[in-house]
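A.B. asks: This is the structure, below, for whatever I ask next.
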Amino acid sequence: MNGEELNSHDWQEALQLSKPDRVAWIHEKCLDQELLGHYRTKLLTSCTDLCGELGLEGGEPIKTWLQVENLLQIFKDWGLTRSSVVVTTGGGALSDAVGFAASIWKRGVRLIHIPTTPLSAVDAAWGGKTGINWGGAKNQLGTFAEPLAVHIDAQWMRTLSPRHFRAGLAEVAKHAFLNLEAFDDLCAHTLSWPPQNKEEFDLWSTLFVKSSNVKRQIVADDPEERGVRCILNLGHTLGHAVEAYTSGTSEPWLHGEAVALGLHFTLFEISHGVWTMGNCQELSHEQAKKLSAILHTQVPLPQNWSFTAEELWNYMAHDKKNVGNEIRDVAWRGVGHILWPVHWKKKSFEATWSAFVRSWEKFSQRATSP
Ligand code: GLY
């Protein structure tokens, strides 16, 4: 089965079935021009009224209130109504910002997402979260607006830098931590990037679709993140702290890189029995080795980092999952075995972080010594 067939809800069919009065297409500017042309043709054959097409810069700077106002003005100019559909093509920042604007225009215009990065294909495009940054903090304003369909095609990713492509694979690895089937799938794949032909692109698309299904199952049980959906934050408490801390430096980490470090930390915690709740560790030595190897080979991290526990703690204290003054985290006891919520004590985090850094340094020395 190829990626095209696996995309559970065909986006062109979804578009036709939604009987839109108007369809608007908002995509990133700097995508593969040939593929943009190909998708433009697909759009024109799936709807009678493509009322507007807009190319925007993608990336985090798009997630502003000002950009949302620009988009709302454009929706007005294009005459979008509650019967219209907005199709987005881009990374997670674009679908977050455009999704937010669409979800508040006339109390909600329907959406179809065509993600163009691994991160958006397995995570951002799914589950309906939209949002912009506000007041100096990420995703402070947002809505839940589940798209009619998400269409994954790895061919969009051929223009990504290797660093951005690799960083997105952290979310694929995270799903392998959360689900045994996804773990087996990832271990069974020996895909290389960039693919050499259409068949190899389809194999990547298939991997992304299967990985995203892990998220979809979890979101189906808790669409508005009142409970179990929080487990999708595995590796993210530390990851968000690293991302926020480095964002003001000359070497900001990508989201996926920061999450990968969070997942390395998760593996370290289990090997050191940090969380004592529950009565067993469900992880075999073999599985731990595989996950560590996947993270090391698929998501290379920036070199020579050093963050103190104190610096990270200050950022963790602002995590959205916290309640009151408690720092809540997702703990992991093996593939598919999650503890949520657990609470960090500052002393215990400091001790674990220091031990992790020492072990990481030893590992790095071993890896670089001849
Ligand atoms: N990215 C985590 C979530 O959508 O819940």
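A.B. asks: Before anything else, pin down the relative contact order of the chain: Cα pairs under 8 Å, at least 6 apart, normalised by residue count, whole percent. Each step should come with its number before you reach the end.
C.D. replies: Details: 605 pairs, mean separation 52.0, N = 370.
Contact order relative to length: 14 percent.
A.B. asks: Quickly work out the Gln196-to-Arg158 label distance, labels modelled 7 Å from Cα along the C-beta direction, and quote it in nm with one decimal.
C.D. replies: About 1.5 nm separates the two model spin labels.
A.B. asks: Using Cα pairs under 8 angstrom and six or more residues apart, how large is the relative contact order of segment 1-101, in percent?
C.D. replies: Across segment 1-101, relative contact order equals 39 percent.
A.B. asks: Let me ask something else about it. What residues of segment 84-118 lie in the reach of a label at Leu141, counting those whose backbone N is under 13 Å from a point 7 Å from the Cα along Cα→Cβ?
C.D. replies: Under cut-off, by backbone N: 97-98, 100-105.
A.B. asks: Next up: Between the helical axis of 65-78 and the dominant principal axis of the chain, each derived from Cα atoms, what acute angle in degrees is found, rounded to the nearest 10?
C.D. replies: Rounded to the nearest ten degrees, it is 20.
A.B. asks: Between Glu53 and Glu361, what length in nm is gained on full extension when 0.36 nm per residue of separation is reduced by their alpha carbon distance?
C.D. replies: This chain segment gains 105.9 nm when fully extended.
A.B. asks: Could I ask something else about it? May I ask which of Lys129/Lys345; Lys76/Lys174; Lys19/Lys174; Lys106/Lys320; Lys29/Lys362 have a Cα-Cα span longer than 32 Å here? Please report the intermediate quantities before stating the final value.
C.D. replies: On the way: Lys129/Lys345 30 Å; Lys76/Lys174 40 Å; Lys19/Lys174 37 Å; Lys106/Lys320 28 Å; Lys29/Lys362 44 Å.
With Cα atoms farther than 32 Å apart: Lys76/Lys174; Lys19/Lys174; Lys29/Lys362.
A.B. asks: Highest first, please rank the peptides 256-265, 135-144 by the mean number of other Cβ atoms sitting within 10 Å of their residues.
C.D. replies: Most protected by this proxy first, the peptides run 256-265, 135-144.
A.B. asks: Here is a follow-up. Need the full-extension length gain, His296 to Asp10, defined as separation in residues times 0.36 nm minus the C-alpha distance. One decimal, nm.
C.D. replies: Stretched out fully, the His296 to Asp10 stretch lengthens by 99.5 nm.
A.B. asks: Continuing with this model, one more query. Take the Cβ-Cβ distance between Glu286 and Glu326 as r, set R0 to 45 Å, and report the resulting FRET efficiency rounded to the nearest 0.05.
C.D. replies: Computed FRET efficiency for Glu286 and Glu326 comes out at 0.80.
A.B. asks: Once both labels are modelled 7 Å past Cα along the beta-carbon direction, what's the Gln73-Asp221 spacing in nm?
C.D. replies: For Gln73 paired with Asp221, the spin-label model returns 4.6 nm.
A.B. asks: Additional query: State the Kirkwood hydrodynamic radius of the chain in Å, one decimal place, computed from all pairs of distinct Cα atoms.
C.D. replies: 21.4 Å
A.B. asks: In deg cm²/dmol and to the nearest 500, what is the mean residue ellipticity at 222 nm of the chain if only DSSP H runs of at least 4 residues count, each as -39500 (n - 2.57), divided by the residue total? Can you show the working numbers first?
C.D. replies: On the way: 13 runs with 176 residues, N = 370.
-15000 deg cm²/dmol, from helical runs alone.
Each value in this text was obtained by applying a stated rule to the coordinates, not by laboratory testing. None of these values were measured; they are calculated from a predicted model. Ideal geometry is used to build each Cβ from the backbone, glycine not excepted, and the neighbour counts take in all protein chains shown.
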